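Engineer: Encoded as structure tokens, here's the structure I'll be asking about.
The values are calculated or read from the model by the stated rules, or taken from the named source; none is laboratory data. This one's a predicted model, so the numbers in the text were calculated from it and none came from an experiment. Using ideal geometry, Cβ is built from the backbone for each residue, glycine included, and neighbour counts are taken over all protein chains shown. We work out accessible area using only protein heavy atoms, side chains counted, and drop any ligands, DNA or RNA first. Shrake-Rupley method; radii C 1.70, N 1.55, O 1.52, S 1.80 Å.
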Amino acid sequence: MLLAERKQWNANHQRLTTLLQYPKGHEQAVALFLNQHAWLYVSKMADAGLMGTMNTLEDELLDGIREETLRQYPVKAPDTKNSILWHLWHIARIEDMTMNVLIGGREQIFEEGDWLPKLRISCTHTGNGMTEEEAAELSAGIDMDALLDYRIEVGRRTREIVRRMEPAEMKRKVPTAGIEKLRAQSAVKPEAEWLLEYWSKKTLAGLILMPATRHNFLHLNKAIRIKQRLQKQS
């Protein structure tokens, strides 16, 4: 994605923030969200033809990437040392939890689809508060194809949930029952309990803005910078 397209995404995100505040802008907000969200996934995740012939941010990340680049841990970058696979797993887990449990009031895709053995990992949490040993183990062992499939399922479910939301729902506070469910599921490590507190203070519109869009955007940009740094070196 070119710099101009990233700038346009940021401008649209500001517009989305405004539209979500007003019930009369609901249809426009949903349409804009779907477009913004589609840029954060491989092209095949979203509606056929939605993105036209343009590459998405995840398309850009995965184009020509090598497995060793995806798994490299730690990485030497100013704002992260986590592997690209860690970043993809982290944003998928957080979107799954927030959109399905906190907004949709349903089970995580991770739980419904029994994704733990498919991903070949031992952890179910978001990755916040991970030790270096845990991050290294995940980066080396996670099944790449399963992770990309899981992300697609998470993205498609998010779009389904947002399409069904009513204007009045946007200003609702995150339900305490959802937070308690995630706590009971050990969705975050004890060291990252602050994340549940952070989500508990948001509205449903706030979760749509962060993490469903902005959080993905930030981590995918980090991942692209890691790819450029590692593959330029070799």
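Engineer: What pairs come up if the first residue lies in the range 9-28 and is among the basic types (K, R), the second is surrounded by fewer than 17 Cβ atoms within 10 Å (Cβ to Cβ), and their beta carbons are under 9 Å apart, counting only those six or more places apart or on different chains?
Structural biologist: R15/Q28; K24/P167
Engineer: Select from the range 146-184 the residues that are hydrophobic (A, V, I, L, M, F, W, C) and surrounded by fewer than 15 Cβ atoms within 10 Å (Cβ to Cβ) and write down the one among them that is farthest from P23 (Cα to Cα). So that I can check it myself, show each step before the final result.
Structural biologist: Narrowing the range 146-184 to residues hydrophobic (A, V, I, L, M, F, W, C): 146-148, 152, 154, 161-162, 165, 168, 170, 174, 177, 179, 182, 184.
Imposing the further condition that a residue be surrounded by fewer than 15 Cβ atoms within 10 Å (Cβ to Cβ) reduces the set to 168, 177, 184.
Working: A168: 7, A177: 25, A184: 34 Å.
So the residue we want is A184.
Engineer: So, D114, is that one acidic (D, E), open to solvent by 20 Å² or more (accessible area, probe 1.4 Å) and at positive phi or not? Give the steps one after another, and end with the answer.
Structural biologist: Values: acidic (D, E): yes; open to solvent by 20 Å² or more (accessible area, probe 1.4 Å): yes; at positive phi: yes.
Considered against the rule, which asks whether it is acidic (D, E), open to solvent by 20 Å² or more (accessible area, probe 1.4 Å) and at positive phi, D114 comes out as yes.
Engineer: What are the residues in the range 66-102 that are of a type in the set (D, E, K, R) and open to solvent by 10 Å² or more (accessible area, probe 1.4 Å), if any?
Structural biologist: Within the range 66-102, the first condition is being of a type in the set (D, E, K, R), and the residues that meet it are 66-68, 71, 76, 79, 81, 93, 95-96.
Listed by number, the residues that qualify are R66, E67, E68, R71, K76, D79, K81.
Engineer: Name every residue in the range 2-37 that is open to solvent by less than 30 Å² (accessible area, probe 1.4 Å) and either in contact with a Gly (Cβ under 8 Å, 6 or more places away or on another chain) or at positive phi (or both), in order of residue number.
Structural biologist: Listed by number, the residues that qualify are L19, H37.
Engineer: I would also like to ask the following. Could you grab me the full set of residues in the range 127-145 that are closer than 23 Å to Y41 by Cβ and open to solvent by less than 60 Å² (accessible area, probe 1.4 Å)?
Structural biologist: As a first pass, look at the range 127-145 and keep what is closer than 23 Å to Y41 by Cβ: 127-128, 138-139, 142-145.
Within the range 127-145, G127, N128, L138, S139, I142, D143, M144 meet the criteria.
Engineer: Restricting to the range 117-126, name every residue that is open to solvent by less than 20 Å² (accessible area, probe 1.4 Å) and more than 17 Å from L182 (Cα to Cα).
Structural biologist: L119
Engineer: Among the residues of the range 43-74, how many are β-branched (V, I, T) and at pLDDT 95 or above? If you could, list the steps in order and put the result at the bottom.
Structural biologist: Initially, the range 43-74 is screened for residues β-branched (V, I, T), giving 53, 56, 65, 69.
Imposing the further condition that a residue be at pLDDT 95 or above reduces the set to 65, 69.
Qualifying residue count for the region: 2.
Engineer: Checking R106 against (1) in a loop (DSSP other than H, G, I, E, B); (2) open to solvent by 70 Å² or more (accessible area, probe 1.4 Å); (3) under 28 Å from T56 (Cα atoms): exactly one of these is not met. Which one?
Structural biologist: (3)
Engineer: Give me a count of the residues in the range 112-156 that are part of a helix (DSSP H, G or I) and in contact (Cβ under 8 Å) with a residue 60 or more places away in the chain.
Structural biologist: Looking only at the range 112-156, we keep the residues that are part of a helix (DSSP H, G or I), and these are 112, 115-119, 132-141, 144-156.
Imposing the further condition that a residue be in contact (Cβ under 8 Å) with a residue 60 or more places away in the chain reduces the set to 135-136, 139-140, 144, 147-148, 151-152, 154-156.
Total meeting the criteria: 12.
Engineer: OK, next. Tell me, which helices (runs of 4 or more DSSP H) lie completely within the range 162-234 with 2 or more residues that are among the polar types (S, T, N, Q)? So that I can check it myself, show each step before the final result.
Structural biologist: Numbers: elements: 176-184, 194-200, 204-209, 214-233.
Counting at least 2 such residues, we get 214-233.
Engineer: Restricting to the range 1-45, what's the tally of residues that are closer than 17 Å to L218 by Cα and either in contact with a helix residue (DSSP H, G or I) (Cβ under 8 Å, 6 or more places away or on another chain) or part of a helix (DSSP H, G or I) (or both)?
Structural biologist: Looking only at the range 1-45, we keep the residues that are closer than 17 Å to L218 by Cα, and these are 1-14, 16-17, 33, 35-42.
Now restrict to residues that are either in contact with a helix residue (DSSP H, G or I) (Cβ under 8 Å, 6 or more places away or on another chain) or part of a helix (DSSP H, G or I) (or both): 1, 3-14, 16-17, 33, 35-42.
Here the count works out to 24.
Engineer: Also, I was wondering about something else. If you check every pair at least six apart or on different chains, which have Cβ atoms under 9 Å apart with a residue in the range 193-221 that is surrounded by fewer than 18 Cβ atoms within 10 Å (Cβ to Cβ) first and a residue that is part of a loop (DSSP other than H, G, I, E, B) and charged (D, E, K, R) second?
Structural biologist: Every condition considered, the pairs that remain are T203/R172.
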